[in-house]
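*Asks:* First the structure, which I've put down as structure tokens, then a few questions once you've had a look.
The values are calculated or read from the model by the stated rules, or taken from the named source; none is laboratory data. Since we're looking at a predicted model, the values are computed, not measured. Here the Cβ positions follow ideal geometry from the backbone for every residue, glycine too, while neighbour counts run over all protein chains shown. Side chains included, ligands, DNA and RNA excluded: accessible areas come from the protein's heavy atoms. Shrake-Rupley method; radii C 1.70, N 1.55, O 1.52, S 1.80 Å.
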Amino acid sequence: MNEKHTEQYEVVIVGGGAAGLSAALVLGRARRRTLVVDAGEPRNAPAAHMQGYLSRDGMSPADFLAAGREEIARYGVELVRDRAVDVERGEDFAITLAGGRHVHARRLVIATGLKDELPEVPGVAERFGKDVLHCPYCHGWEVRDQAFGVLATTPMSVHQALMVSQWSKDVTFFLHEVAESDLSDDDLRRLAAAGVKVLPGTVAGLLIEDDRLTGVRLADGTVHAREVLFVAPRAVPQTGLLEKLGADLHETPFGAYPVVDPTGLTSVPGVWAVGNAMGFSEQVINAAAGGYRAGAFINGELLMSDLDAAL
């Protein structure tokens with residue numbers, strides 16, 4: 001870093017994905033001294049494209065983030081490739097980075113997202129983001145009318161199997177680690193109504209030919225021809241910094257997330273959580289909107305705080 005830059009910022013944003021960059025853009029345009037700390041590990045990195053973002057439909061996640069970084073730089077926002085490893089709250093927030101740098105901020109935005117832990121089935125991790133997918137809204141159109149498989153990891157996987165039937169009428173639900181007795185009568189009736197084939201048996205691996213998925217192999221050796229496999233990763237929220245600050249968390253079926261108000265403000269005064277750091281279902285467009293909302297609110301809150309102090 002150029003030595004003429006101070007280590008004191010008005011706002012530090014931890015996480016340089018859609019939510020963090022969106023908050024940074026608002027704050028930069030509001031002339032707030034802002035730092036983005038980005039470890040460079042976006043959740044959607046395995047995907048070749050993102051969908052459902054108006055005017056950016058089909059854009060690659062890497063290009064989207066590169067454009068966002070260029071935009072925030074126009075307004076003097078600093079971005080550093082590093083990881084925030086510790087935070088302390090005193091008169092302001094003292095953040096320690098893995099590279100040894102120490103920075104201070106009047107307000108803190110946590111946009112650290114979450115990590116997807118994939119089922120331990122051979123081939124799943126290697127094909128994730130290609131023909132092993134998790135979100136039909138993100139990828140359903142691109143694989144429509146192909147032969148789908150859905151890998152059950154919990155009884156909640158029924159919902160995924162029902163959802164993907166909107167994009168294909170050839171869906172096989174591999175029960176894998178779930179016993180058929182764990183499914184309710186309503187589950188079975190809905191699966192039948194959707195035309196989803198329910199198949200017991202543990203999935204042992206995937207069949208890949210010419211760099212594409214062609215089948216799902218069960219432990220008994222049988223292979224079932226499939227072109228796409230939907231899985232439900234276990235969401236692991238990255239809440240370490242929030243926990244260090246004592247933020248209140250609440251349990252959900254997808255992990256523990258901070259309690260926030262409509263602007264993203266946590267139970268810790270001066271700390272906001274945005275994007276997947278505050279909820280499982282915040283896709284790119286939602287994350288960007290949440291970052292914008294938090295950035296605008298933080299600017300207004302800083303303004304009023306300074307005016308009150310001046311009085």
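*Asks:* Taking square-rooted eigenvalues a ≥ b ≥ c of the alpha carbon gyration tensor, is region 116-166 rounded, prolate or oblate, where a/c under 1.5 means rounded and, failing that, a/b exceeding b/c means prolate? Intermediate values should be presented prior to the final figure.
*Replies:* Numbers: a/c = 1.88, a/b = 1.17, b/c = 1.62.
Oblate, because a/c is 1.5 or more while a/b does not exceed b/c.
*Asks:* Can I ask one more? Using only the Cα atoms of region 91-184, build the gyration tensor, take square roots of its eigenvalues as a ≥ b ≥ c, and label the shape rounded, prolate or oblate: rounded if a/c is under 1.5, else prolate if a/b is larger than b/c, else oblate.
*Replies:* On the way: a/c = 2.76, a/b = 2.40, b/c = 1.15.
Prolate, because a/c is 1.5 or more and a/b exceeds b/c.
*Asks:* Let me ask something else. Provide the packing ranking of 28-34, 107-113, 125-131, 272-278, i.e. peptides ordered by the mean count of other C-beta atoms within 10 Å per residue, highest first.
*Replies:* Values: 28-34: 19.6, 107-113: 28.9, 125-131: 17.3, 272-278: 30.9.
Going by the mean number of other Cβ atoms within 10 Å, highest first, we get 272-278, 107-113, 28-34, 125-131.
*Asks:* Then there's this: Accessible area per residue of the chain at 1.4 Å probe, in Å²? Mind dumping the intermediate values first?
*Replies:* Numbers: 15440 Å² over 311 residues.
Dividing the accessible area of the chain by its residue count gives 50 Å².
*Asks:* Compute the relative contact order of the chain as a whole-number percentage, counting only Cα pairs closer than 8 Å that sit 6 or more residues apart in sequence. The partial results should precede the final answer.
*Replies:* Values: 637 pairs, mean separation 65.3, N = 311.
It rounds to 21 percent for the chain.
*Asks:* Taking amide hydrogens as modeled 1.01 Å from N in the peptide plane, which residues meet the under 5 Å criterion relative to Val198, leaving out close sequence neighbours?
*Replies:* Phe173
*Asks:* Would you list, by chain and number, the aspartates and glutamates whose Cα falls below 12 Å from the Cα of Lys244, excluding same-chain residues fewer than 8 positions away?
*Replies:* Here the aspartates and glutamates satisfying the reach criterion relative to Lys244 are Asp86, Glu88.
*Asks:* Moving to a separate point now. Could you tell me what percent of the accessible area of region 250-311 is made up of carbon and sulfur, with a 1.4 Å probe and every protein chain present? Don't skip to the answer; put the middle values down first.
*Replies:* Values: 1960 of 3000 Å².
The value for region 250-311 is 65 percent carbon and sulfur by accessible area.
*Asks:* Below 8 Å, C-alpha to C-alpha, sequence gap of six or more: please give me the relative contact order for region 135-214 in percent. Please report the intermediate quantities before stating the final value.
*Replies:* Values: 111 pairs, mean separation 22.6, N = 80.
It rounds to 28 percent for region 135-214.
*Asks:* For the chain, what is the mean residue ellipticity at 222 nm derived from helices alone (per DSSP H run of n ≥ 4: -39500 (n - 2.57); sum divided by total residues; nearest 500 deg cm²/dmol)?
*Replies:* -8000 deg cm²/dmol
*Asks:* Which order, highest average first, do 207-213, 174-180 follow once you tally other Cβ atoms within 10 Å for each residue and take the mean per peptide?
*Replies:* Values: 207-213: 12.1, 174-180: 17.9.
Ranked by mean Cβ neighbours within 10 Å, highest first: 174-180, 207-213.
*Asks:* Taking 0.36 nm per residue of sequence separation and subtracting the Cα-Cα distance, how much length would be gained by fully extending the chain between Asp210 and Val223, in nm to one decimal?
*Replies:* Working: separation 13, 0.36 × 13 = 4.68 nm, distance 1.70 nm.
Fully extending the segment from Asp210 to Val223 adds 3.0 nm.
*Asks:* What residues have an amide H closer than 5 Å to that of Trp272, excluding those fewer than 5 places away on the same chain, when H is modeled at 1.01 Å from N in the peptide plane?
*Replies:* Result for Trp272 returns Leu108, Val109, Ile110, Thr266.
*Asks:* A follow-up question, please. Amide H neighbours of Lys115 under 5 Å, at least 5 residues apart or on other chains, H built in the peptide plane: list them.
*Replies:* Result for Lys115 returns Val236, Gln238.
*Asks:* Can you pull the percent of region 1-122's accessible area that's carbon plus sulfur, 1.4 Å probe, other chains left in place? Walk me through the numbers before you get to the answer.
*Replies:* Numbers: 2900 of 6230 Å².
Answer for region 1-122 is 47 percent, counting heavy atoms of protein chains only.
*Asks:* When the expected Rg is taken as 2.2 N^0.38 Å, what fraction or multiple of it is the alpha-carbon Rg of the chain?
*Replies:* On the way: Rg = 22.1 Å, N = 311, 2.2 N^0.38 = 19.5 Å.
Cα Rg divided by the expected 2.2 N^0.38 Å: 1.13.
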